[in-house]
Amino acid sequence: MSTTDTTTTDTTTTDTTTTGTTTRATPRAVRPLHTGWSLRSTAGPVPPEIAAVDVPATVPGTVHTDLLAAGLIVDPYLDANEHLLAWIGQADWSYATTFDWRPDGHDRHELVFAGLDTVATVLLNGEVVAETRNQHRTYRVGVDGRLREGSNDLEVRFGSPVAYADAQSLALGYRPHVNHHPYNAIRKMACSFGWDWGLDTATSGIWKPVTLESWSSVRLASVRPVVTVDGSRGVVDVHVDLERAGVSVGDAAAPVTVRATVGAVMQEARVESGADSTVVQVVVDDPELWWPRGHGGQPLYDVTVSVTGGGDGDAGRASSGDDGDGVDGTRASSADGETAGDVRDEWSSRIGFRTVEVQVEPDEVGTSFTVVVNGEPLWIKGANWIPDDAFPHRIGRDRYRDRIEQAEFGNVNLLRVWGGGIFESDDFYELCDERGMLTWQDFLFACAAYAEEDPLRGEVEAEVRDNVTRLMTHPSLVLWTGNNENIWGHDEWGWERRLDGATWGLGYYLDLLPALVGELDPGHPYAAGSPWSGSLAVAQSDPDHGSVHLWEQWNRKDYPTYRDVVPRFVAEFGWQGPPTWSAMTRAIHDEPLTPESPGMIVHQKAMQGNDKLTDGLLAHYGLPDEIEAWHWAMQLNQANAVQVALEHFRSHAPRCMGAVVWQINDCWPVTSWAAVDGDGQRKPLLYAMRHAFADRLVTIQPRDGSLAVVVVNDTEEALAGPLTVRRVAYDGRVLASEQVSLAVAARDTVTVPVPSAVAAFGAPESELIVASLPGVTRGLWFPVEPRDSALAAASLSTSVTALGEGSGYRVEVTAGSLVRDLALLVDKVDPAATVDEMLVTLLPGEAAVFTVTSAVVGVGEEFVTQRVLRTANELVV
């Protein structure tokens, strides 16, 4: 016997107060049940030394992390350990604890599980009270009559997720997917079964908080503030659903008052007997608008909703005697059945006033894909977000803040939460709200076909109701997306034949999901998928229509071919590179360490990943044989590939209105597409994104058989000044130069053809074009690839100055020759160190200053050693 809750709410924890023999109900009490847990295996291929013991367990937590904390397993992130731990996902497990309880005067008592991963049976005092099959839901389980005074036994038994997925794949019928496990047959984080960047850690556990909630008379079952901006007014329609104790809808129940406060404005509504919902409208005059980062401020308004009154579950009741929980007492009610002044439940959140739309509309080119906030079209400088840990319960607010700050360092303004992971946490979304980081959230369908029949359909609807209700308050959220690549996969990856008429998810993407978003969250746009051309009649891979994912360059072509495509919006593209040296060598201990050594291969999950790394490098640089040079070459090539793509996409605004790099983060130390590795370290790619996503950009691009300088001004102020375009020899001689006056309006792009005299290369292997505009990083164009150029060994002089005890170092580098892509790989000296700049190209005689942040004293000169101070030059000569 169980019920499910469609929302998780924050409440103030309070206790029932008792004076003498009179018990007065007080607000909903929330008691965490996080202590005293133990873990034990119950079935499956478990090593004898583990099967025989009770393991101290942490809640929230998982089997893997509890066994790791107890020293019973090796770290799955290290070496080839992943394969040694596959048995964990094939086993059954039990979590157990005890807690004391005494009758407290409340009418209702419920166990609330914010997240169970995944195939769970809940027992209270030996009696089954719930069976769950969905990691992404909150479960509310009534336990009145099952609690006992004194000690209570609580157990959660988890079945093997691998066995369950296999069995459900048979029960539901085969459907295509991209993994060795049928992750599409279970509502569990898809990437926990492995991905082309992720390890297979199909774990189990109580991965979110578990509480005992006690309440009387009435509680707030869900609260949904729908925010609109109507001229100079901010309108908040607060939709409130109530649950009453001991009565069902239509039965007699005392009226209650629902009060909603937004900022300093309060309104309330009376909910009569028999009703269980209301809408309270609160109007805020002249609200400050919430803006994305780079476009304005992020004012947030506190919203508080409370419910008062409600009597004791029976209209107008005033009774004495047993209150149903074994406590004798007397409660007084007002004449109309409302206990005056009693706050029974309270909910709070924050909102922002802003309008948002995603324009997917036919135009003269095809179909647009433009994010518009407060009427202003935005050029989206995005990055895809995956779970930041294979065990998401380990991600705290500080870690989310670190990743978002790193995205900001890369000049990112939107994070797309990918559909093979989770509905991200409240911490993630709250931080994005505060910082103006736009978000879009995929619904959790990725690279697979999904059954549309029950029981899967019922689970899908329940998880969507839970999470849309939870996340719809956030002004940073600008888009819900139905799936990741599933419509594309059905149409172009051969799924249709393999499905043989079976359902595959289209009913979710076109019917169920948009209906639920329309019902629960009408303030946010919805797109059927990513990619999404805007119509099933147009191929999802057509760059003229909607959003696309561009993977041919990485998989089969080369990165200069990004320039062959002018998409309307790129929701995914990327290039692989290894993690930072310190992360790689912390996680992998092969002797010798090579790109193909055993641990390195385990930490390369992409199909033919190393071959693609090599193929993608050789057109640009030679393939080094030494491992540190190989590591630098692959990191540099990753950065160059993405920067070439981003500058091309930005140069075609407003036809192209955004690019979302795959991916900002990693869940463990792995060779992948990430800009920040699994140890939280910046890779060179993040600096390339910082350059290409700069608010003001000067780039040189091919245009109509020649070259053009494109100046992008993504600021609120016009940009004007002399644009100087020079052809320069590698030895620094200026071979040709012209200057033009330039004016670029706010949020605009201007294209200037490169003068023919400047574009007329005499010796392409030893010349480049430089486009300079005061106050903006210059643009460069090399007519030949580095390996085909006359690039000589870098001539560098350096000086290092300590900035103060434990503060870091100032590193100045002066070039005596042309130096391409100068970088300091500071983590080789101090894994906690950071550097403010990277990938700097210097002409002869120029200098660059780097600020290294490090608490390690006395290591300054190590930052300018050959293994730390790297250039592209060394990969050519």
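Loop-resident GluC sites (Glu not before Pro) (DSSP state other than H, G, I, E or B) in region 700-769 with no more than 15 further Cβ atoms inside 10 Å of their Cβ: 716, 717. Qualifying GluC sites (Glu not before Pro) in region 343-441, where qualification requires a DSSP coil assignment and no more than 16 other C-beta atoms within 10 Å, comprise 364.
Judged by the gyration tensor of its Cα atoms, with axes a ≥ b ≥ c, region 119-268 is oblate; a/c meets the 1.5 cut and b/c is at least as large as a/b. In the assembled protein chains, residue 862 presents an accessible area of approximately 90 Å² (probe radius 1.4 Å).
Entry note, the chain: the mean residue ellipticity at 222 nm calculated from DSSP H runs of n ≥ 4, each adding -39500 (n - 2.57), is -5000 deg cm²/dmol after division by the residues and rounding to the nearest 500. Centre-to-centre separation between the Cα atoms of region 443-517 and those of region 98-127: 31 Å.
Region 35-71 and region 667-737 have their alpha-carbon centroids 50 Å apart. Using the Cβ-Cβ distance between residue 561 and residue 538 with R0 = 25 Å, the FRET efficiency computed as 1/(1 + (r/R0)^6) comes to roughly 0.65.
Using the Cβ-Cβ distance between residue 741 and residue 777 with R0 set to 25 Å, the FRET efficiency works out to roughly 0.80. Considering only 178, 390, 832, and ranking their Cα positions along the charge dipole of the chain that arises from unit charges at the beta-carbon of Lys, Arg, Asp and Glu, the one farthest toward the positive end is 832. Could you tell me which of rounded, prolate or oblate describes the chain, using a ≥ b ≥ c as the square roots of the eigenvalues of the alpha-carbon gyration tensor, with rounded for a/c under 1.5 and, failing that, prolate when a/b is larger than b/c and oblate otherwise? The shape class here is prolate. This model, with +1 at the C-beta of Lys and Arg and -1 at the C-beta of Asp and Glu, gives the chain a dipole about its Cα centre of some 1300 debye.
The stretch between residue 148 and residue 837, if pulled fully straight at 0.36 nm per residue, gains 241.8 nm over its current Cα-Cα span.
Protein heavy-atom surface of the chain, 1.4 angstrom probe: 49% of the accessible area is carbon and sulfur, with nucleic acids and ligands not counted. So which lysines pass the test for residue 828, namely a Cα distance under 18 Å, with those fewer than 8 places away in the same chain ruled out? Of all the lysines, those that pass the test against residue 828 - Cα under 18 Å, at least 8 places apart if same chain - are 683.
Restriction of the trypsin sites (Lys or Arg not before Pro) in region 137-230 to DSSP coil positions whose beta-carbon has at most 15 other beta-carbons within 10 angstrom yields 148.
In terms of accessible area, using a 1.4 Å probe and ignoring ligands and nucleic acids, 192, 425 rank largest first as 425, 192.
Note on region 28-128: dipole from Cβ charges, positive end direction compared against 72, 93, 30; the farthest Cα belongs to 30.
Using the Cβ of residue 165 as centre and a radius below 15 Å, the other residues enclosed give a net charge of -1, where K and R count +1 and D and E count -1. Computed from the C-beta positions of residue 784 and residue 230 and an R0 of 45 Å, the FRET efficiency is 0.20 to the nearest 0.05. Annotation: residue 58 carries an accessible surface of approximately 80 Å², with a 1.4 Å probe and no ligand, DNA or RNA atoms counted. Within the straight-line cut-off of under 26 Å between alpha carbons, the lysines reachable from residue 208 are 188, sequence neighbours fewer than 8 places apart in one chain being disregarded.
A straight Cα-to-Cα reach below 23 Å connects residue 557 with the lysines 605, 612, residues fewer than 8 places away in its own chain not being considered.
Computed 3J(HN,Hα) for region 789-802, one whole-Hz value per residue from the Karplus formula 6.51 cos²θ - 1.76 cosθ + 1.60 where θ = phi - 60°, is 9, 9, 4, 9, 4, 5, 9, 10, 10, 9, 9, 10, 10, 6, glycine and proline marked x. Once the chain from residue 121 to residue 703 is taken as fully extended at 0.36 nm per residue, the excess over their C-alpha distance is 203.2 nm.
Each residue of region 538-543 was assigned a 3J(HN,Hα) from its phi angle through the Karplus expression (A = 6.51, B = -1.76, C = 1.60, θ = phi - 60°), giving 10, 4, 5, 9, 7, x Hz with x at Gly and Pro. Decide, for region 551-623, between rounded, prolate and oblate: order the square roots of the alpha carbon gyration tensor eigenvalues as a ≥ b ≥ c, take rounded if a/c falls under 1.5, and otherwise choose prolate if a/b is larger than b/c, else oblate. It comes out prolate by the Cα gyration axes. DSSP beta bridges fully contained in the chain are about 85 percent antiparallel. Exposure check, 1.4 Å probe, all protein chains in place: residue 542 carries approximately 50 Å² of accessible surface. Database remark: amide H of residue 218 closer than 5 angstrom to the amide H of 245 (H placed geometrically; neighbours at sequence offset of 5 or more, or on other chains; Pro and chain starts carry no H).
The values are calculated or read from the model by the stated rules, or taken from the named source; none is laboratory data. A quick note: this is a predicted structure, and the numbers were derived from the prediction, not measured. All Cβ positions, glycine included, derive from the backbone under ideal geometry; neighbour counts span all protein chains shown. When the accessible area is computed, the model is the full protein with side chains, heavy atoms only, and any ligands, DNA or RNA have been set aside. Shrake-Rupley method; radii C 1.70, N 1.55, O 1.52, S 1.80 Å.
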